Amino acid sequence: MMGVSSTCKDGSTRIAMDNGKYVRYTPEQVEALERLYHECPKPTSTRRQQLIRECPILSHIEPKQIKVWFQNRRCREKQRKEASRLQAVNRKLTAMNKLLMEENDRLQKQVSQLVYENGYFRQQTQNATTLATTDTSCESVVTSGQHHLTPQHPPRDASPAGLLSIAEENLAQFLSKATGTAVEWVQMPGMKPGPDSIGIVAISHGCTGVAARACGLVGLEPTRVAEILKDRPSWFRDCRAVDVINAISTANGGTIELLYMQLYAPTTLAPARDFLLLRYTSILEDGSLVVCERSLNNTQNGPSMPPTQHFVRAEMLPSGYLIRPCEGGGSIIHIVDHMDLEPWSVPEVLRPLYESSTLLAQKTTMAALRHLRQISQEISQPNVTGWGRRPAALRALSQRLSKGFNEAVNGFADEGWPLLESDGIDDVTVLVNSSPTKTMGVNFSYDNGFPSMNNAVLCAKASMLLQNVPPAILLRFLREHRSEWADNGIDAYTASAIKAGPCSLPVSRAGNFGGQVILPLAHTIENEEFIEVIKLENMGYREDMLMPGDVFLLQLCSGVDENAVGTCAELIFAPIDASFSDDAPIIPSGFRIIPLDSGMDASSPNRTLDLASSLEVGPAGNRASGDLSGRRGCTKSVMTIAFQFAFEMHLQENVASMARQYVRSIIASVQRVALALSPSHFGSHAGFWPPHGTPEAHTLARWICESYRCYLGVKLLKNEGSDSILKTLWHHSDALVCCSLKTLPVFTFSNQAGLDMLETTLVALQDITLEKIFDDNGRKTLCSEFPQIMQQGFMCLPGGICLSSMGRPVSYGRAVAWKVLNEEESAHCICFMFMNWSFV
């Protein structure tokens, strides 16, 4: 039964019923209904009757009329959200259309230039061939022709006028890359531009060094965008520090800065990089804001700086940001990153890391756009997320985790990391840091309770080469199956450093933890990174309290998208206290897996940016199209492992020995897991059920359908007799999830709708217990009705609210649960079907 609502001049609301009768609501009645709507937009009949009893002003309204009000209210809310979404999409499409037109103009210029250069070189070749028959000076002719394409620049000096000359030249070269044809750009593999994508991303073809370019839309004003991007350590995880050596104001209102920048090395097998840069900030005639940078070198006679120990001096070619105001607010931004990272300085096997424009785009160019979009969302939606923290606070925690891990991997001497002597085997490197800044705030005490004055942190690190293992799949396994490689006793030892109490040397496998529970805190817009709390439960764990024996880890996970090309995968974690503060000391450890495929930049030089054909409205955004290249294409990767341990100085020798053994055991576990996940053993989907499934999955699907028909008397699927039961069940519109028949039921299987509802994967599904997806009312109903399932075989649940694994509320119209019988007609599991579900 539906009705039509309208608002009267006096503020009251009328509901037109199907029989033509209008029900008029007073403002007080509307206010009471609105209050309930915000608490529960889809109340059950029991809840509506309870509302009538609790609110005397609604006592004269029939329950069916209140039901119609809620139906109309949900409809209005849906229309409002849809209208807002369409307006946002329209604004994005308008701005994207402008970008596409500019990109089309640039491509036409590039084509014209290529045609001209082709004709020019063809003419030069013909002239050289003709002269070769009569003269031997053809080499000078060709060289003379090329001289005009790359003119030599006069040297500059370090005076303000000389620096301004360098800056203006840098600006022109940057703009020729950002909007011109100075670099031949090809679409980055796996990127699909559109209004919901991160932007238009391209990589260079055939130029010096590595280069990447991106164009995108952000909901921030140009000055704010420039301020954020100039603070590179705040968004570029590989940036250790940027020091401003000098700053000069120019006559045109611009600013010239001399910078010294250091970048972390991504692995223990390579040295870190540093740069001496000139940054020029100015405003163009059209009002666009430009921030451009380049390295200073001896050929320009500008300022210089001697080499820094343990760093390789790299070169940044003209790069920067072009930021233009966008109609309706926000900015259109062009980003260019162009570097020569001196690949000669690393072992040959690692050179793809320094020769890959795709990797540069992933780690630098796209990271800048993602950071801007994340801040824009935080400003527009400043909601409190996990553990009562705002997104900005969680973002700061993730920055601290990443920076701490990078410091451990690099172990710079100026941060107090002396190297310990080897034990005769050089596979694991051990360093010790006893500087006050490293150990400040970390708890140490002797067994008698008196504090120790000689505190330190020990780091054991190593790198290993992996073959035929997709980084995303390996990282997901390490995240979701911690017990396969971690030692419970050592986890408890690391956690004791931040708890009040004695810190003693761990005993191998001494922990008595019952399992791992993942508590999501937050994730970024594209879900390429998320932060969570891992709770290693004590056997005495209770849901309503945190037992002293529980171990908590703050964990940062990124790079789990199997379809992303050239993505670095990281799993970084640090022990925390259950009531940790934002400035609490953290000592991160973890894994980093970087693909070494030199072929991931092998884009065809004839490939163009097919932008217009891929302008789609939807969540596909920057997903790779259909193929599994991101999953199968990775044949080689380097994995870096770094674990840190807080300890008392008198235990240094014992802790060092323990750390070496522990890291070696982790390496052995990773090698075993990598071998098991290798496509040569189980195919490209190792450890995951694809839609076509395994024999066990087909059997379970058949049991689910047969049991449903047995208990409810109707078919669950239309064509249950076909061979595609699992496929049909997988794509069923209702959420179907199965849980085990244990004291604490956990989920064992789900179709695609169920995974979407719970916001999880098939592997992570097994870490979710049944009771955690229901609210208090749902748990009470489940406990009271569960015996009915075992006796009667099925149960119908009224509509209500459940929770996804990310903590988001999900409303459902109704649910059905039934007992799934196996071939022997004994109970195998319980299947739940949630109908008409949606996120609140």
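Structure notes:
- Taking all protein chains as shown and a probe of 1.4 angstrom, residue 712 keeps an accessible surface of around 50 Å².
- Cα-based radius of gyration for the stretch 690-779, normalised by 2.2 N^0.38 Å, reads 1.11.
- By accessible area with a 1.4 Å probe, ligands and nucleic acids excluded, highest first: order of 479, 76: 76, 479
- Highest mean first, the peptides 219-230, 313-324, 166-177 sorted by other C-beta atoms within 10 Å per residue fall in the order 313-324, 166-177, 219-230.
- Normalised convex hull volume, the stretch 262-402, alpha-carbon set, Å³ per residue: 152 Å³
- Dividing the mean sequence gap of close Cα pairs (under 8 Å, 6+ apart) by how many residues the stretch 700-813 holds gives a relative contact order of 18 percent.
- Links that overshoot a 18 Å alpha carbon limit, given the list 403/461; 42/67; 535/742; 42/78; 177/363: 535/742; 177/363
- Loop-located GluC sites (Glu not before Pro) in the stretch 779-840 whose Cβ has at most 12 other Cβ within 10 Å (DSSP): 823, 824, 825
- Ordered from largest to smallest accessible area (heavy atoms of protein chains, 1.4 Å probe), the residues 786, 311 come out as 786, 311.
- Hydrodynamic radius (Kirkwood) for the stretch 727-840, which is based on Cα pairs only, to one decimal in Å: 14.1 Å
- The stretch 182-328: relative contact order as a whole-number percent, Cα under 8 Å and 6+ apart: 15 percent
- The modelled label-to-label distance for the pair residue 814/residue 792, using points 7 Å beyond Cα in the direction of Cβ, is 1.2 nm.
- Accessible surface, 1.4 Å probe, highest first, among residues 557, 796: 796, 557
- When both the stretch 223-267 and the stretch 318-363 are represented by their alpha-carbon centers, they are found 15 Å apart.
The values are calculated or read from the model by the stated rules, or taken from the named source; none is laboratory data. Not measured: the values here are computed from a predicted model. Note that we place each Cβ from the backbone using ideal geometry, even for glycine, and neighbour counts take in every protein chain shown. In case anyone asks, the SASA skips ligands and DNA or RNA and just uses the protein heavy atoms, side chains included. Shrake-Rupley method; radii C 1.70, N 1.55, O 1.52, S 1.80 Å.
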